[in-house]
Amino acid sequence: MRRRDFISLLGSATAMAPFVAWAEEPRRIAIMMANYAPTDREGQASKTAFVEQLKKLGWTDGGNVRIEIRWGAGDPERVKASAAHFVRSAPDVIIVATNPAVAILHKMTGAIPIVFTRVADPVGSGFVRGLARPGGNITGFQASDSALGSKWLGVLREAVPEMRRVAVLYGSDSGGNVALMDAAKAAASASHIEFTGIDVHQGAGWAQQITDFSSRPDGGLVVVAHPFTNANRKAIIALAARDRLPAVYAYRFFAADGGLLSYGPDQIEQWRGAAAYANRILRGEKPGDLPVQAPTKYELVVNLKTARAMDFHVPPTLLARADEVIE
């Protein structure tokens, strides 16, 4: 090889070196587990479903992708700190669950792609412009529309035909929670059922409010999914069981942990969907072009073990249509 050709070839290789190094750099995914502590089995199941689905799509953590997870354990300050950390570090995509956590990220960045799961009313909450064409940097998988609030009331009425009063445990810091609470309130009013809202965002008084509510007969409790209610679900379930207060919860994992009833979408499947959207974004698609997906199936779960411990009779009609009965 002539010296001039060798120098030209060397120069071309040197010029390409930064590109080669960039192409081999792993992509980065951030996951905000706002609801869970690292020891929470449901949080671990959600993480595992996401990572396994991502691997099926060609992305291996520690290989061509780096996944960083931060756990919020239902603590708003920890969630805010995690959001600020991820926005500063600018990953390729952020995966996040729940309305309050998405609201925090939405205020902090309009550039980093965000995929959400288990968000109620994303349009009304201002996260996306529309379901079919979200626009902007956010898309994902909604937990339900606000009509689910009235459906929870329907499940409770079927379980407790004599119910004359209902309390809804929710968080006022979540627009989705408020919409669900309002739907339950409207359904209660139409059925001439006395309504009480218990706001976990207002502080520690929620437990005493449940106790006070349960001191009168013919009551029922609706527990809306929220970072606080998810993270503190065992305490809420124990309180309802102690006071023999029939309750319906938003997801199956509440019933699996001892809740009497649950009615809602398969949240683990939503984490698999989030992995599919992360894959598409990593391969060049824009989140604003990916439609927000709605649940296609809702699961009714009855925990008969809890019913027996509460000396509560579950109507045969409700058992007959349950997707799962926990003995």
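Net charge near residue 206, counting Lys/Arg +1 and Asp/Glu -1 over other residues with Cβ under 11 Å of its Cβ? Overall, the nearby charge balance is -2. Neighbour counts of C-beta atoms inside 10 Å place 55, 151, 107 in the sequence 107, 55, 151, starting with the fewest.
A Gaussian network model of the chain, with springs between Cα atoms under 10 Å, assigns the largest mean-square fluctuation among 141, 213, 254 to 213.
Close amide H partners of residue 31, meaning residues 5 or more places away or on another chain with modelled amide H under 5 Å apart, are 68, 69, 70, 95. Ordered by the number of other Cβ atoms lying within 10 Å of each residue's own Cβ, fewest first, 29, 326, 193 fall into the sequence 326, 193, 29.
To the nearest 0.05, what FRET efficiency results for residue 289 and residue 27 with a Förster distance of 22 Å applied to their C-beta separation?
Efficiency computed from Cβ-Cβ geometry: 0.70.
From the alpha carbon centroid of the range 49-93 to that of the range 153-201 is 34 Å.
So which GluC sites (Glu not before Pro) in the range 241-324 pass both tests, a DSSP loop state and at most 16 other Cβ atoms within 10 Å of the Cβ?
Those satisfying the criteria are 285.
Comparing 219, 288, 205 in a Gaussian network model of the chain, where Cα atoms under 10 Å apart are tied by springs, the biggest mean-square fluctuation is seen for 205.
Below 10 angstrom from the Cβ of residue 288, what's the summed charge of the other residues (Lys, Arg +1; Asp, Glu -1)?
Residues near residue 288 contribute +1 overall.
Counting neighbouring beta carbons within 10 Å and listing from fewest to most, the residues 313, 192, 106 come out as 192, 313, 106. For the chain, lysine pairs separated by 8 or more sequence positions, or belonging to different chains, with Cα-Cα distances below 15 Å total 5. Given the choices (1) 33, 22, 18; (2) 47, 22, 18; (3) 45, 18, 17, semi-axes √(5λ) of the Cα gyration tensor in Å derived from the coordinates of this structure is entry (3). Using the Cβ of residue 179 as centre and a radius below 12 Å, the other residues enclosed give a net charge of -2, where K and R count +1 and D and E count -1. For the range 107-208, GluC sites (Glu not before Pro) are listed when DSSP marks them as loop and at most 13 other Cβ atoms sit within 10 Å of their Cβ; the list is 162. Just checking the listed ones, 202, 53, 44: in the Gaussian network model of the chain with Cα springs under 10 Å, the one fluctuating most is 202.
Along the range 116-130 the Karplus relation, 6.51 cos²θ - 1.76 cosθ + 1.60 evaluated at θ = phi - 60°, assigns HN-Hα couplings of 9, 10, 6, 10, 8, 6, x, 6, x, 7, x, 7, 9, 7, x Hz to successive residues, with x for each Gly and Pro.
Please report, ordered by residue number, every helix of the chain (full DSSP H runs) that is 24 Å or longer along its axis going by C-alpha atoms and whose mean Kyte-Doolittle hydropathy reaches 0.5.
3-24
FYI, it's all coordinate maths here, none of it is from the lab. Predicted model only: the values in this text are computed from it and were never measured. Quick reminder, even Gly has a Cβ in these numbers, built from the backbone with ideal geometry, and neighbours come from all protein chains shown.
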